[in-house]
1. Is it the case that the stretch 271-285 has a residue that's in contact with a Phe, Trp or Tyr (Cβ under 7 Å, 6 or more places away or on another chain) and not charged (D, E, K, R)?
2. Condition first: modelled with pLDDT under 85 and either of a type in the set (V, I, T) or touching a Lys or Arg at 6+ places or on another chain (Cβ under 7 Å) (or both). Now tell me which residues in the stretch 155-169 satisfy that.
3. I'm trying to understand the selection: among the residues of the stretch 26-41, which are under 13 Å from M87 (Cα atoms), among the β-branched types (V, I, T) and surrounded by 19 or more Cβ atoms within 10 Å (Cβ to Cβ)?
4. Of a type in the set (G, A, S), assigned by TED's automatic domain parsing to the domain that holds G316 and out of contact with any Pro (no Cβ under 7 Å at 6 or more places or on another chain): is that true of S64 in this structure?
5. Pick from the stretch 77-122 the residues that are small (G, A, S) and at pLDDT below 70: which of them is nearest to I37 (Cα to Cα)?
6. Please find, among L88, L66, L52, the residue that is surrounded by fewer than 19 Cβ atoms within 10 Å (Cβ to Cβ), out of contact with any Lys or Arg (no Cβ under 8 Å at 6 or more places or on another chain) and either part of a loop (DSSP other than H, G, I, E, B) or aromatic (F, W, Y) (or both).
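The values are calculated or read from the model by the stated rules, or taken from the named source; none is laboratory data. Remember, it's a predicted structure, so these values are computed and weren't measured experimentally. For neighbour counting, all protein chains shown are included, and Cβ atoms are generated from backbone atoms with ideal geometry for every residue, glycine included.
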Amino acid sequence: MMQIMSMMKMLLSYGIELTSFLGLTVLMIPFIISIIIPFVTFIAIIFVYNKLISDNEVTVMASSGLSPAQIARPALWMAVVLTLVHMLLNLWVVPRTQALFYSTQWNLRYGLAHLKLQESAFTQLTNGLVVYVDKVSGHDLSQVMLSDMRDDTTPVTIFAEKGKLVSTPRGLSIVMTNGSLQANGDTLTTGTFDSFDMDLNVADKEDEASFRVRRIPTLTLVKSVLDSPSEKQHEMVLAELATRFLGPIMNLILAALCTVILLRTSLLRRRASVAPAIAVAAMAVAMSAFMSLSNMIDSVTDFVLLTVGIFVTLGGVLFALFRK
């Protein structure tokens, strides 16, 4: 919801249609799901098994000869399925949707800025840049007046009979024909032109060029481990790889951790009542430790150590669950 609300500003500021806004929201869903899957897995398991314990159904199953591992089997199978779904999301779906999300967002902000132009009215595209257009027909403009005062030392005023808005990789440009230009710097400069191409520079180039690891395909991200241009980007790549490859394993760890705490204490009446609280605390510690350690990785060695630690933890929890 916070992600959606943050996009409301763009909806209002740039006059984006509701359908485009909903499309952006849909592109955010896979990323949000990939974040909440481990928590949803844990909540589902603790809810169902705590209900079984409170209704004494676990006691009956244990009395009939079922071991904690056998009782926990449905939860573990669900965790395995969700781990595979989570892995598919992290390795393929999320990078593709995030790349499409940022590309679509950038085009809506800057590639379609011409939709803001109103006939016979002054339109401020950005601070210091004002455009007046007599008539608008699609991308074609007539009787254009452009005032560019973004550089206080050299304000520029341009008049043209016709203009055409063009969306380029750097943002919005306007190609004007049959016009005149006046620039006020140290000296007054005037002139006429047959054709003049001006980059409006309304795009936030720093934001577009920023290094966003979430939208990089997994294979490209793996190859870039040795080619990261800076130490910061190298750490970002390793942290993202840890999230993509090791994050899904947390579904299994949380499922095993929850079931082993609940089931191993279900027959101990004095301790059974505090088992859910202990399980929640264990989940919080496990997730906090993983998120903190994955963001602290700064070398391939750290990545390997974290991987080993994840699987050792999983093995230890499963051993506690399956031991007789």
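1. Within the stretch 271-285, the first condition is being in contact with a Phe, Trp or Tyr (Cβ under 7 Å, 6 or more places away or on another chain), and the residues that meet it are 283.
Remaining after also requiring not charged (D, E, K, R): 283.
Checked the stretch 271-285: at least one residue is in contact with a Phe, Trp or Tyr (Cβ under 7 Å, 6 or more places away or on another chain) and not charged (D, E, K, R).
2. Just the residues of the stretch 155-169 that are modelled with pLDDT under 85, to begin with: 165-169.
Of everything in the stretch 155-169, those that are modelled with pLDDT under 85 and either of a type in the set (V, I, T) or touching a Lys or Arg at 6+ places or on another chain (Cβ under 7 Å) (or both) turn out to be V166, T168.
3. Scanning the stretch 26-41 gives a single hit, I37.
4. Judged against the criteria, S64 is a match.
5. Taking the stretch 77-122 first, the residues small (G, A, S) are 79, 99, 103, 111, 113, 120-121.
From what's left, at pLDDT below 70: 111, 113.
Numbers: G111: 35, A113: 37 Å.
Going through the qualifying residues, I end up with G111.
6. Values: L88 fails: either part of a loop (DSSP other than H, G, I, E, B) or aromatic (F, W, Y) (or both); L52 fails: either part of a loop (DSSP other than H, G, I, E, B) or aromatic (F, W, Y) (or both).
Criteria check complete, one pass: L66.
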